[in-house]
1. Along its principal axes, what span do the Cα atoms of region 152-298 show, with the longest given first and each in whole Å?
2. Working out 0.36 nm times the residue gap between Lys352 and Asp239, then minus their Cα-Cα distance, what length gain in nm do you get to one decimal?
3. Under 5 Å between amide H atoms, partner at least 5 residues away or on a different chain: which partners does Asn125 have, H built in plane at 1.01 Å?
4. Add +1 for every Lys or Arg and -1 for every Asp or Glu among the other residues with Cβ under 12 Å from the Cβ of Asn80, and state the total.
5. Return the Cα extents of region 234-316 along principal axes one, two and three, sorted largest first, each rounded to a whole Å.
6. Distance from the Cα centre of region 150-215 to that of region 401-415, in angstrom?
7. Once both axes come from the Cα atoms, what is the angle between helix 166-177 and the longest principal axis of the chain, in degrees from 0 to 90, rounded to 10?
8. Taking 1 over the mean of 1/r across every pair of different Cα atoms in region 121-368, what Kirkwood radius in Å do you get?
Amino acid sequence: MKYPYEEFKEEATAGLAEAIKKLYGIEAEIKIEEPKEIADLAYPCFPLSKILKKSPKEIAEEIAGEIKRREWIDKVEAVNGYVNFFINVKKLAEKLLKKIEEMGDEFGKLPRKNLKVIVEHTSANPNGPLHVGRARNPIIGDTIARLLKFGGYDVVTQYYVDDMGKQVATLFWGVKNLKIEIEHEKADHRYVVFYQKASQLMDEDENVKKEIEEIIKKCERGDEKTLQELKEIYEKVLDGIIESLRNLNIEIDEFVEESRFVLDGSVEKVVKELEKLPYAGKEGKATYIDLEPFGVHGRDKKFYLTRGDGTSLYATRDIAYHIWKGERADMMINVLGEDHKLEAKFVEIALKLLNKKVPEVIFYSFVSLPEGKMSTRKGRVVYLDDLIEEAIERARKEVIKRRGEDEKLEYIAKNVAAGAIRYNIIKVRAEKPIVFKWDEALNFEGQSAPFIQYAHARCCSILRKAGYEGEAKPNYEHESEIKLIKMLALFPEIIKESVKTRNPSMLAEYAYDVASSFNAFYRDCRVIGSEKEKERLALVNATRVVLKNCLNILGIEALEEM
């Protein structure tokens, strides 16, 4: 199955290859560009200039003169060393609107690949509520998973639960030894106070520090009683985290506990296998891998697998987890903060040495406050739940301005708020840092989810009023109509590129461009009551479908009323 724009691109590529072969007797690599304004497709002749010893301008003119009008190609022009292609709009409109009408929610989907992908994301320590700094991970992870599903992959999402680390042990000690009265309906908010107080005492009191270290050692030795006692506490925190994620339209398929790989012997097996390698060494009783042959130098060149007492380290257990994952999936994708780069490198090297599958890692830069980095331990945070509540309150006021108070107010406000938060995170490329500012996150104008949701709701409203039934023969001449048709035709290409680059920010930007193009069309072209009502309603419906599909992938509710 091919989408209309793809057919146009293939026809242009074939035309270029034939013309170059005929004119110059060579087979050149054809790399077509997609300029936004100048043309629909463009071929730069500069690489050919070096081969043919001619100016790009002259080559472009010769090629453009050779390529004739075809099924999809309306005209070809030579401009400043580029061969510019313009699509047959009449044909595009006919094929595109028919395809969208037939496929609906499936429009833009890529063929099934029969490949299973495990996307691991969030994996926050269950020692307190998620703060805004950590919220970037689940939003990126969930959107990547949705994008890959739409791109034809079978996707499972996983949360790796660190149930053996310092944070959970500190929380456990605090709950067992401190008496703190705190009222909050969510357990994660109640329990984080115990964690924060215990962290403070650990810094001040050597005995507290030793007691927490002993809890950690028991866990690392696989003491099932201690692990079970910890679980009874951290699971309540985890339930609170899950509830917060659901408020952002995020569901996780599987929760995998770190301790399982100690208990089932997987970690011990990993250590024994790595110890056999020529890169393995001992420092006292501690085992390490020398990473200098793999380009890691300085104080980080020794990758420790065990401590002096024989217990494993987090990264060693992470290797066992990845081996387990790799046996259950064709591909693994991890969403990690940029502070995990070194550890991720260790794990990658170890997996390669063991001839196991290596994960693809998407690193993201942190979300910070204007006054600095967020920290759960120090209590300097904006909690995600507080952000969601504030967003709902602001959304509620905006919705009341537009439609007053009715039975749908809370549903709309909740979904506008969740959309605003998700979009504000996902529109920025993962590797770029974000300084969190309330006014920007909850902006309901400009490049924001509410702007896109409102365009979708307007499409639905127009179609409801007109009683749209479909089956219109498209005939579009107005500049705003043509611009919108071309924009809609790009959707499958955007999906393809976003999947390939694992970059959902590209889709977020595209959704905004579609909404903007639709608003311009609606401003310039009367729909209901015009001579071209049927044709324009078909275009409104096509826009509705594309916007809905964009919003669904972005994890944002495609509201029919606002």
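Just so it is clear, none of the values below were taken in a lab; they were calculated from the coordinates. What you see is a predicted model, and the numbers here were worked out from it, not measured in a lab. When we count neighbours, we look across all protein chains shown, and the Cβ atoms used for this are built from the backbone with ideal geometry, even at glycine.
1. 56, 54, 33
2. 37.1 nm
3. none
4. -2
5. 49, 29, 19
6. First find each Cα centre; the distance between them is then 37 Å.
7. 50 degrees
8. 19.3 Å
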